[in-house]
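Read through the structure below, which is laid out as structure tokens, and then see the notes.
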Amino acid sequence: MQHTNKLKIFNDPIYGFITIPNALVFDLIEHRYFQRLRRISQMGLSYLVYPGAHHTRFHHALGCMHLMQKAVQSLRFKKIEISKEEEEALLIAILLHDIGHGPFSHAMEHSIVENVSHEQISLLFMEELNRNFNGRLTLAIKIFRGQHPRKFLHQLISSQLDIDRTDYLKRDSFYTGVAEGNINSERLISMLNVVNNELVIEEKGIYSVEKFLVARRLMYWQAYLHKTGIAAEQLLIRVLKRAKELVSEGVSLKSSTALEYFLQHKVDLDNFSPEILDIFARLDDNDIISAMKEWQFHEDFVLSRLCSMLLNRDLLRIKFRKKPISDEKLKKYIRNFRDEFDVSDQTAEYFVFSGQVKNLAYSTNHENIRILTKQGKVSDVEKASDLLNIKALSKSVTKYYVCYPKQKNNIANTRKSH
């Protein structure tokens, strides 16, 4: 009988060598639910803006596991007791925290299924894996859900300065080339401590926290909320919306069997059975790309043109404004499109629309980042910091946008190609 070495090493471009700590973690990584993350892009359609942003949720999950190992080591060095069972549960929880992402990550959240977040789907996957692994994920699920009495364990998984953010900021900065997002994740982790069962940052790490918050704000404007990325994501959402409409009207669309199921059925949290979860697990970016390659030749005006625009990066023009777009201005864009192509207002609204995006780097209303002073006192980073930017970063900034075709002949040229 062949013996499998389960203590393998991954070579990561961010941290170097990442080790798999035990056989259970190895088996979870080998599971097809987790291997699927190799085919889910970390930053959705951001590669249309930054060509290097082709890294995946698989990369991110392994990076998070590595940083969690470092965090446990750092806290134990400071005499914070973490049992072997808690350590394993932390590694499993952070490894699987994003396993519920659908195709193109956030770009299609709530599009494939109805009003179900990726965190909820991650929990469904974890519970199913727990059944497969005879209850060995029970403690990890408890920590993931914030039901463990040791609050700081959950804060390592989900908080305003968690392991998730310390990896994705550094990783996304690396792959996009947006240098402003590069943080010192190792320094932040080495400054972690625990007071009264809550995660804190030692005072000497305050400048690293300030850099982290500034980097977060800048990465959102320059990468996650980049206007071209927003325009692309909105087109992708409308592709799925139109496809579902056509299928509901009895129109046949070529797609994978997994995608076909979700086009034909309305799935929400109430009917998200293990059988449906298994179908969801067969979905990834490739299903959407291959479907659009077929649909770009469909006779439907809306579906074919939306797909062609995305595949050929012939995107809509998008303008950001400080104030909401007036109804009159939006109606003008819709009217121009409608008259040019002799289509209904309903059709025109697939190509002309408005919306808004929000950027909040630090929330003072959600488990604040707490600084431990040399005198042993704990205070909010906003009060402890001498950087005026912290107060500015705690205010939500909203930008409003309008999308419309770049020029009249863009859609026409697409039309002629059919």
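Key figures
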| read-out | value |
| --- | --- |
| Tally of residues being over 22 Å from Asp278 (Cβ atoms), β-branched (Val, Ile, Thr) and part of a helix (DSSP H, G or I) across region 17-58 | 1 |
| Residues within region 283-295 that are touching a residue at least 60 places away in the same chain (Cβ under 8 Å) and either not in a helix (DSSP H, G or I) or not β-branched (Val, Ile, Thr) (or both), tallied | 5 |
| Output for region 145-164, where each listed residue is hydrophobic (A, V, I, L, M, F, W, C) and part of a loop (DSSP other than H, G, I, E, B) | Leu161 |
| Filter result (buried (at least 19 other Cβ atoms within 10 Å of the Cβ), closer than 30 Å to Asp287 by Cβ and in contact with a Lys or Arg (Cβ under 7 Å, 6 or more places away or on another chain)) within region 317-363 | Ile318, Ala348, Tyr350 |
| Unique match (being assigned by TED's automatic domain parsing to the domain that holds His55, surrounded by fewer than 18 Cβ atoms within 10 Å (Cβ to Cβ), in contact with a helix residue (DSSP H, G or I) (Cβ under 7 Å, 6 or more places away or on another chain) and part of a helix (DSSP H, G or I)) among Arg217, Arg171, Arg187 | Arg187 |
| Condition met for Glu275 (within 30 Å of Phe125 (Cβ to Cβ), assigned to a helix (DSSP H, G or I), of a type in the set (Asp, Glu) and outside the structural domain of Tyr47 (by TED's automatic domain parsing)) | yes |
| Among residues of region 220-237, those that are touching a helix residue (DSSP H, G or I) at 6+ places or on another chain (Cβ under 6 Å) and not acidic (Asp, Glu), counted | 5 |
| Residues of region 188-211 satisfying the condition of being modelled with pLDDT under 95 and either within 25 Å of the chain's Cα centre (by Cα) or of a type in the set (A, V, I, L, M) (or both) | Ile206, Ser208, Val209, Glu210, Lys211 |
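The values are calculated or read from the model by the stated rules, or taken from the named source; none is laboratory data. Quick caveat: nothing in here was measured; it's all calculated off a predicted structure. Backbone-built Cβ (ideal geometry, glycine too); neighbour counts: all protein chains shown.
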